[in-house]
1. For the chain, give the magnitude of the charge dipole about the Cα centre (Cβ charges: +1 Lys/Arg, -1 Asp/Glu; no others), in debye to the nearest 20.
2. Can you give the Kirkwood hydrodynamic radius of the chain from its Cα pairs, in Å with one decimal?
3. Normalising by the residue count of region 147-222, find the relative contact order in percent from Cα pairs under 8 Å and 6+ residues apart.
4. Would you compute, from DSSP H runs of 4+ residues alone, the mean residue ellipticity of the chain at 222 nm, taking -39500 (n - 2.57) per run and dividing by the full residue count, rounded to the nearest 500?
5. How much FRET efficiency would the formula 1/(1 + (r/R0)^6) give for R65 and S149, where r is the Cβ-Cβ distance and R0 is 35 Å, rounded to 0.05?
6. Given R₀ = 35 Å, FRET efficiency for K223-D95 by Cβ-Cβ distance, to 0.05?
7. Sorting check: for 119-125, 147-153, which peptide has the highest mean count of neighbouring beta carbons within 10 Å, and how do the rest follow?
8. Could you sort 82-94, 11-23 so that the peptide with the highest average Cβ count within 10 Å comes first and the rest follow in order?
Amino acid sequence: MSEKNEITGKLVLVSHPLCPYVQRAAISLSEKDVPFERVDIDLAAKPDWFKAISPLGKVPLLRGRREGEEVSIFESAVILEFLEETEANPLHPADPYARARHRAWIEFGSAILNAIGRFYSASTEAGFLIESAALSAMFGRLETELAASDGPWFAGPRFSLVDAVHGPIFRYLDAFDRIGDFGILEAKPRVQAWRKALSERRSISNAVAPDYPLRLDTFLRAKGSYLSSLIGRSDPRPSTLARSA
Ligand SMILES: N[C@@H](CCC(=O)N[C@@H](CS)C(=O)NCC(=O)O)C(=O)O
């Protein structure tokens, strides 16, 4: 492993209770047994100290001290790479091709998060169905990719950063399942088994507070989107799906 961690003192993860990008960093820190303090901020009223040190105005930020100075790192993928370079218990494979493949699927995980955002924000039923099909196709890609693994993790018996990135993604599907059955993981048994294994991993369940599901449900309800309109309906299926069912 690398020599001494260059950032000293207790690490601080600047966070938001719902942010999936924050969770990736929290999961990596926990898998590596690195103590850290989590500081949640209100993204609707960003504090001045945060605006001063976050060039993109986004969480997560990882803060610490280096040679006596306060330093911070922004962008979750960069934080993950930094932790790989400075902390024990590697979560990336050693082989360069395997590592490149893992980095690419981490990027894919970010693309899924964007697709999830479009799904829960779609304002019309037609838009919602398009986003639902797009999301289903992305998980279909993962289903194909997982054929190379004997499980339980993305790369077989060893938990990796690709797992850390996808744990928070499946939490959204838990929330969607509380609203209705949209068939996103239908006929994707490998993805379903992976989702179950991830939900049982301690680092993943500990990456959010106990009130996370309620907060996420409240967020989705307040979105004013087509999905929001399905919350609390007796038959929450989109009418097009209901007609074809
Ligand atoms: N590419 C960034 C994305 C982080 C991100 O989108 N964070 C959201 C919360 S989940 C945020 O801070 N949004 C505040 C804003 O955009 O104003 C990363 O990987 O760290």
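Each reported figure results from applying straightforward, stated rules to the coordinates on display, with no laboratory input. Owing to the predicted nature of the structure, the values given are computational and were not obtained by experimental measurement. With ideal geometry, Cβ positions are generated from the backbone for all residues, glycine too; neighbour counts draw on all protein chains shown.
1. Roughly 540 debye for the chain.
2. Final number for the Kirkwood radius of the chain is 19.2 Å.
3. After rounding, I find 32 percent.
4. -16500 deg cm²/dmol
5. Values: r = 39 Å, r/R0 = 1.12.
Working from the Cβ atoms, E equals 0.35.
6. After rounding to 0.05, the efficiency reads 0.25.
7. Order by mean packing, descending: 119-125, 147-153.
8. Numbers: 82-94: 16.3, 11-23: 20.7.
Final packing ranking: 11-23, 82-94.
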